[in-house]
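Accompanying notes for the structure given below.
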Amino acid sequence: MNLPRRLLCVITDEESDPVELARQALEGGAGMMQLRRKKASGRDLFHWALRIQELCREREALFIVNDRVDIALAMHADGVHLGQQDMPAAAARALLGPGAMIGVSVSCEEEAAKAAADGASYIGVGHIFPTYSKNKPSPPIGTAAIKPIRNAAQLPVIAIGGIDLDNSAEVIRAGASGIAVISAVSDSDDPAAAARELVRRIRQ
Amino acid sequence: MIVSSGGEHLAHRGLVLKQARALPLSAPVIFQVREKGLDSASLWTLCSQIAPVIDDAGSILAVNDRLDIALASGAGAVHLPESSCPADVIRKAARGLLTGQSVHSKTAALNASSAGLDYLLFGPVFHTPSKAPFGPPQGLEKLREICEKVRTPVFAVGGVTHDKALACIECGAWGVAALTPFLDAGSLPDTINRYLSYLPS
């Protein structure tokens, strides 16, 4: 499965109704939805995932689940996104098969090379800018880090971390295939409009 | 059935591996790893490490909640909490692993049984400090009622010390499960044998 270029991936936050957020983000042109709810039960995740996947299919967008390969396996999601604290990508690849979209979060060249060797489809690179959506003890890596990390993996890059309207185009110019956001869409009064404007900026 | 302490990320670091290594060949058990405090990478590492140890002892590793970790680590079973992904869905995706579920009511037991699960865990049957905040224990009569209603093997859990195990079996339970009695890995084979000495062979 190939990653579309100039892609907006919207990740669910911990508070909003994830299905409603997905509906609006997709209406605004998001090409990928990632369901990420660290403390939710398997039952909630499964039911949300089924509904978001349906919305994604209507718009020909990709749907992936954060961390929970079991949920992706159970409801046949397009794939998963794995952090460094999640199951190794090689194990997820063995479970989901060659056609699955598997993303791995990396923040340096070593992690990028490992992700590629483990069979990742793309790498999530960050955090690029300071971010408040997740507690990050390490400093942001900046846009200049994108190319060397991309080269180490030879995989498409989705940049993440503190990306907003003002810096989104810069990230694409720096070599990313797409951007992933949480608060830039979920914290907006009008998530659909926020997504639409982000898509416009990264396609300019 | 032995349930892990849940403290692998805190006070009981390393206990699961010690317990797994102490399992006696003479008495196969289901060893359920229930460590919600671990992140997925740590849980995968732990389960991958103990799966062959438990297998060599003739016992079965059951991973709580996470079918992905169970499949990827070579476990023999996945154990579903009541709030898990639907049991029939997991059962279809389980690729032959045993599938068990915790149930706390007759309705949940009947649902789980009709989903074709391999075993149920019902409780708390007796008073246990860890489950006290969730209300009074369910008691032996409810255990008996559930064991009569479902064909699926039922394990009794919750305050089931060795001297109370026989009463559960007499109510129709297939087996018993506990956490606290097995916390001391050094005496684990003795503890298992003490349980077995109270059960009909």
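Values in this text are rule-based calculations from the coordinates and carry no lab data. Since we're looking at a predicted model, the values are computed, not measured. Positions of Cβ are backbone-derived with ideal geometry, glycine not excepted, and every protein chain shown enters the neighbour counts.
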Of the conditions (1) under 22 Å from A:Val157 (Cβ atoms); (2) in contact with a Phe, Trp or Tyr (Cβ under 9 Å, 6 or more places away or on another chain), A:Leu62 fails just one. Which one is it?
-> (2)
Taking strands (runs of 3 or more DSSP E) that fall entirely within region A:54-120, which contain at least 2 residues that are away from every other protein chain (no Cβ under 14 Å)?
-> A:62-66, A:101-106
All positions within region B:76-89 that are touching a Lys or Arg at 6+ places or on another chain (Cβ under 6 Å) and more than 8 Å from every other protein chain (Cβ to nearest Cβ) | none
Residue match in region B:50-66 (condition: closer than 20 Å to B:Val154 by Cβ, of a type in the set (Asp, Glu) and within 14 Å of another protein chain (Cβ to nearest Cβ)) | yes
How many of the residues making up region B:8-31 are surrounded by fewer than 22 Cβ atoms within 10 Å (Cβ to Cβ) and over 16 Å from the mean Cα position of the chain (by Cα)?
-> 14
Of residues in region B:105-119 being within 12 Å of B:Glu82 (Cα to Cα) and out of contact with any strand residue (DSSP E or B) (no Cβ under 6 Å at 6 or more places or on another chain), the one surrounded by the fewest Cβ atoms within 10 Å (Cβ to Cβ) | B:Thr107
So A:Trp48 clears everything in (1) farther than 28 Å from A:Ser188 by Cβ; (2) touching a residue at least 12 places away in the same chain (Cβ under 8 Å); (3) within 14 Å of another protein chain (Cβ to nearest Cβ) except one condition, right? Which one?
-> (1)
Can you tell me which of B:Phe126, B:Phe122 is touching a strand residue (DSSP E or B) at 6+ places or on another chain (Cβ under 6 Å) and surrounded by 18 or more Cβ atoms within 10 Å (Cβ to Cβ)?
-> B:Phe122
With the checklist (1) within 14 Å of chain A (Cβ to nearest Cβ); (2) crowded, with 18+ Cβ neighbours inside 10 Å in hand, flag the one item B:Lys92 doesn't pass.
-> (2)
What helices (runs of 4 or more DSSP H), lying completely within region B:40-136, carry at least 1 residues that are touching a residue at least 12 places away in the same chain (Cβ under 8 Å) and among the polar types (S, T, N, Q)?
-> B:40-56, B:67-73, B:106-114
Within region A:7-36, residues surrounded by 19 or more Cβ atoms within 10 Å (Cβ to Cβ), assigned to a loop (DSSP other than H, G, I, E, B) and within 14 Å of the chain's Cα centre (by Cα) come out as A:Thr12, A:Ala30, A:Gly31, A:Arg36
Go through region B:1-19 residue by residue and tally those that are free of Cβ contacts under 8 Å to residues at least 40 places away in the same chain and not acidic (Asp, Glu).
-> 8
